[in-house]
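Shown next, in structure tokens, is the structure this report addresses.
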Amino acid sequence: MNKFLTVLMFHLKEGLSAKSFKITIVILFAAILGFFGFTHYFGQDEKMAVSVVNSSPKYKLDVEHLNKVGQFGKFKEAAEADLKKLKGKVKDGDTDALLVVSGDAEHPSVEYFHERVPSFELVNLVKAEIQPQYLNKVMVDKQVQPETAQALLTEVPIKEKPLKKSDSTGLVYFFIFLMYLFIMMFGQMVSMSVSGEKTSRVMEIMITKVKPIVMMYAKIISSMIIGLSQILAVAAGYGLSKAIGWTTDELTLFSMPLDLSVLNIKVFLFLALYFSLGFILYALLYAAVASVINRLEDISSVVFPVSLLLMGGFFLGMKSMFNPNDTMVVVGSYFPFFSPIVTFSRIVLGEASVLEIVLSLLILVTAILVIGIFANRIYLNGVMRYTSKTTIKDVVKLAKSG
């Protein structure tokens, strides 16, 4: 145990004192704090700049009324003579949209000029303004009785009653990407450390003092602690933003809603738990496969299958954002190589029951114990194995050897 702690403290001190670690911590904390600060001061006040040209003798968009009901945009009326100039402003990005109302007294027409992506909110607002004008004209021309007209124009009420109020797709996406990135980054850090020591023949000197398995687990645990400290930086950035009042209920990430009401200490504890277990599982594989190579340039090819497994968990986690109860997602939440990401995403979305969480954790811990047995064999036999080339068959033989 003393030797394990000595090696662990060595790697931990090495990792925590590295410039890359310090820079990453600062960037993560500043990025979280900067995101909430920017959205607090600038994100909520940004409105669409919309120019309106009324060239129809019968129909028009009332700019004053649009500014009252269309809180998302700033509407300004313009002359028809400036139409070419206004189109150029939209094309150059100086104006977000241009609305041109035309058509004769019989049939209205509205042209909506935009740069790339149209605003459906703006389209619905324009329809709500022009459609009643056209209907009123038709009713007058056809001499429709007021009672009949009123009945035809009455909208069918639709009462929205969500059974689950939170919409956390943006939050889930952030955590899924964060967990995927950290497991990949620190897992490959373990594999680079193992392969570097072996190819430089430093391992031959070290194993005379410390058992290879002790060194492997010291590397894994130290990397896990470093990863958890970076998750702590994310939590600290959010905590400070919340304390100074920068968090709101109307945030989005890549147009996906961020429901911060579900973000509490329990979510961060589950994040730390699933990251730790998921990282240990993948780090065992990264360390094992890295121990069999003889040249440092071969590292990317041997760790690729492990990275492919992790990518599978990431993509399934993305799927869980929009359909967390899909059969593939639910099954994947029990598969140990996918469960750290998939089960955690279902927890944030409020779809994972206590039984599902307990079962996924039991399966994950069992998988770590089983993988650990084979990883120990591969690592123990692989670190001192020097051959010109190692194949998959050789790795299987190392795993089977006691």
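The values are calculated or read from the model by the stated rules, or taken from the named source; none is laboratory data. Everything numeric here is computed off the predicted structure, so don't read it as measured data. Glycine also receives a Cβ, built like all others from the backbone with ideal geometry; neighbour counts cover every protein chain displayed. Please note that ligands, DNA and RNA were not included when accessible areas were found on the heavy atoms of the full protein model with its side chains. Shrake-Rupley method; radii C 1.70, N 1.55, O 1.52, S 1.80 Å.
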Limited to the range 139-164, what total is found for residues that are surrounded by 12 or more Cβ atoms within 10 Å (Cβ to Cβ) and modelled with pLDDT of 75 or more?
2
Search the range 173-194 for residues that are on the phi > 0 side of the Ramachandran plot and outside any helix (DSSP H, G or I) and pair each with any residue that is open to solvent by less than 40 Å² (accessible area, probe 1.4 Å) and at pLDDT below 90 when their beta-carbon atoms are under 7 Å apart and the residues are at least 6 apart or on different chains.
none
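If a residue must be farther than 14 Å from Gly73 by Cβ and either in a loop (DSSP other than H, G, I, E, B) or open to solvent by 60 Å² or more (accessible area, probe 1.4 Å) (or both), how many such residues does the range 114-131 contain? Write out each step before concluding.
Quick first cut of the range 114-131, residues farther than 14 Å from Gly73 by Cβ only: 115-117, 127, 130-131.
Cutting the leftovers down to either in a loop (DSSP other than H, G, I, E, B) or open to solvent by 60 Å² or more (accessible area, probe 1.4 Å) (or both) gives us 115-117, 127, 131.
Residues that pass the stated criteria total 5.
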Just checking, how many residues over the range 257-280 are assigned to a helix (DSSP H, G or I) and in contact with a Gly (Cβ under 9 Å, 6 or more places away or on another chain)?
6
Do any strands (runs of 3 or more DSSP E) entirely within the range 44-113 hold 3 or more residues that are open to solvent by 60 Å² or more (accessible area, probe 1.4 Å), and if so, which?
73-77
Confirm whether Phe38 is part of a helix (DSSP H, G or I), surrounded by fewer than 14 Cβ atoms within 10 Å (Cβ to Cβ) and of a type in the set (Phe, Trp, Tyr).
yes
I'm trying to understand the selection: among the residues of the range 248-269, which are modelled with pLDDT of 75 or more and buried (at least 18 other Cβ atoms within 10 Å of the Cβ)?
Leu260, Val262, Leu263
Could you list, in sequence order, the residues of the range 353-381 that are open to solvent by 70 Å² or more (accessible area, probe 1.4 Å) and either in contact with a helix residue (DSSP H, G or I) (Cβ under 6 Å, 6 or more places away or on another chain) or on the phi > 0 side of the Ramachandran plot (or both)?
Phe374, Arg377, Leu380
Go through the range 312-341 residue by residue and tally those that are without any contact (Cβ under 8 Å) to a residue 60 or more places away in the chain and either buried (at least 17 other Cβ atoms within 10 Å of the Cβ) or hydrophobic (A, V, I, L, M, F, W, C) (or both).
13
For the range 292-390, list the helices (runs of 4 or more DSSP H) that sit wholly inside it and hold at least 3 residues that are farther than 24 Å from Met256 by Cα and at pLDDT below 95; which are they?
299-322, 354-382
